[in-house]
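K.L.:
Mind having a look at this structure? Questions to follow.
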Amino acid sequence: MLRNRTWMAALLCICLVVLAACGAKNANNESPAASAGSASASASGSAPAADGPLKNLVIAEPLHSIGYLPLYIAQRDGYFKKYGLNVKVITAAGGTHVTAVVSGDAWGVIGGPESNAMANRKNDDPIISVVNVVNRANVYLMAKKGTGPKSDSPEDLKAFLQGKKLIVGRHGGTPNLLSRYLLIQLGLDPDKDTQLLEPADSAAVVAMMQSGAGEIANGAEPQVSDGISKGVWDEPFYKFHSLGDYAYSVLSVKKSSIEKDPDTVQKFVDAILEVLKKVQEDHEYATAQAKLEFPTMTDEALKASMDRAYADELWSPDGQISEQALKNDMDVMQTTKIFTDPYTYDGLVDMQFVNHAK
């Protein structure tokens, strides 16, 4: 009898061990139902997320903008997860979006390659642009409601802008530089013939115009449609997208990331390219995703923002950063004398990952 009890106790212990092992396996692996739920959660209809742990990455942005929508969609709707990435986007205003990469607080940055060029001075690990997102100068000039130039001719623009207070964003930022560039092209001295107001936070533009601080504002979406809906200004009287291909907002990483972990860079680029294609093909889907990202925008303002983005061919169709797009960007830098150092296309741009994806 004692031998039988001992044998039964041993058998019970074995069963408990097996059950514990099964429980541990279920804790580390989703059930078929849970896996199906994860796959169906993506509105993109893309493949299920990659197996195994996700690689964590941080991307720094200078502000929250409609222009960065492809990045937000890749994060929100499972595109990054499909490639085994968990991407967090942080807003770093005042130009700190680039320094966040230099310091190692962020893996990558979305913004202009000209900002990278300035950060790369005496930098042993330069920041290199690997995929395009916004291929137009994504800013506009708006005048106080009820005012504006007589026409868009250079003569009328010059006459209207002279002596005005312009809210143009932080000094050194692309909206600021584009404003200065236009003034110089029209034959005006930005610092003598106008008064430039340079807030560090671009989100403050609408409030500053509402308070009467300025007469003209430089802004992007969603600020443009927000100001229109609030009766602060009318439709933009000048669109910088007329400059053509322009590397306005590209995604960039350190050279060391490219050299030491090209697989991660390739996965990141692949996800962005997939979203860019989806955004070009499915406007309704992109608008629905924009509504999730900017829930406080009215439906009318959101539609206006998206209509403007598509009409102005805002987003890159293929992720390519052309030599002309970079040149147009850097010409603004050099004309305004904010950056006069020599530069090369290969020193700022690496298209190997976009090309490999094709």
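K.L.:
Reported to two decimal places, what Rg/Rh ratio describes segment 229-302 when computed on Cα atoms with Rh from the Kirkwood expression?
P.N.:
1.09
K.L.:
Ordered by packing density, taken as the mean number of other Cβ atoms within 10 Å over each peptide's residues, highest first, how do 259-271, 169-181, 342-354 rank?
P.N.:
Per-residue Cβ counts within 10 Å, averaged per peptide and sorted highest first, yield 169-181, 259-271, 342-354.
K.L.:
Just tell me which lysines come within less than 27 Å, Cα to Cα, of LYS358; anything on the same chain fewer than 8 places away is out.
P.N.:
Hits, sequence-local ones excluded: LYS55, LYS81, LYS82, LYS88, LYS254, LYS255, LYS260, LYS267, LYS277, LYS278, LYS327.
K.L.:
Let me ask you something else. Expressed as a rounded percentage, what relative contact order does segment 212-358 have, with Cα pairs under 8 Å and six or more residues apart?
P.N.:
Reported relative contact order: 35 percent.
K.L.:
Need one number: % antiparallel among DSSP beta bridges in the chain, to the nearest 5. Mind showing how you got there, number by number?
P.N.:
Values: 18 of 33 bridges.
Of the beta bridges lying entirely in the chain, close to 55 percent run antiparallel.
K.L.:
Between segment 191-256 and segment 303-358, how many Å separate their Cα centres?
P.N.:
Segment 191-256 and segment 303-358 have Cα centres spaced 18 Å from each other.
K.L.:
Using a 1.4 Å probe on the protein chains only, how many percent of the accessible area of the chain belongs to carbon and sulfur?
P.N.:
53
K.L.:
Tally Lys and Arg at +1 and Asp and Glu at -1 over the other residues with C-beta under 14 Å from the C-beta of LEU166: what net charge comes out?
P.N.:
Summing Lys/Arg as +1 and Asp/Glu as -1 gives +2.
K.L.:
Over the chain, what is the relative contact order in whole percent, taking alpha-carbon pairs under 8 Å and six or more residues apart?
P.N.:
Result for the chain is 23 percent.
K.L.:
May I ask you to give the solvent-accessible area per residue for the chain, in square angstrom, as obtained with a 1.4 angstrom probe?
P.N.:
48
K.L.:
Sticking with this structure for a sec: Please report, in Å, the Rg and the Dmax of segment 98-137, where both are computed over Cα atoms only.
P.N.:
Values for segment 98-137 (Cα only, Rg and Dmax): 10.3, 30 Å.
K.L.:
Starting from the eigenvalues of the Cα gyration tensor, five times each then square-rooted, give me the equivalent ellipsoid semi-axes of the chain, largest first, whole Å.
P.N.:
That gives 49, 23, 17 Å for the three semi-axes.
K.L.:
Using the Kirkwood radius over C-alpha pairs as Rh, can you work out the diffusion coefficient of segment 274-326 via Stokes-Einstein at 25 °C, viscosity 0.890 mPa s, in µm² per second? Don't skip to the end; give the middle numbers.
P.N.:
Numbers: Rh = 12.1 Å.
The calculation lands on 203 µm²/s.
K.L.:
Once every DSSP H run of n ≥ 4 in the chain is given -39500 (n - 2.57) and the sum is divided by its residues, what mean residue ellipticity at 222 nm do you get, rounded to the nearest 500 deg cm²/dmol?
P.N.:
-14000 deg cm²/dmol
K.L.:
Could you calculate, for segment 208-358, the ratio of the Cα radius of gyration to the Kirkwood radius, expressed as Rg to Rh? Please report the intermediate quantities before stating the final value.
P.N.:
On the way: Rg = 18.2 Å, Rh = 18.0 Å.
Expressed as Rg/Rh, it is 1.01.
The values are calculated or read from the model by the stated rules, or taken from the named source; none is laboratory data. Remember, it's a predicted structure, so these values are computed and weren't measured experimentally. All Cβ positions, glycine included, derive from the backbone under ideal geometry; neighbour counts span all protein chains shown. When the accessible area is computed, the model is the full protein with side chains, heavy atoms only, and any ligands, DNA or RNA have been set aside. Shrake-Rupley method; radii C 1.70, N 1.55, O 1.52, S 1.80 Å.
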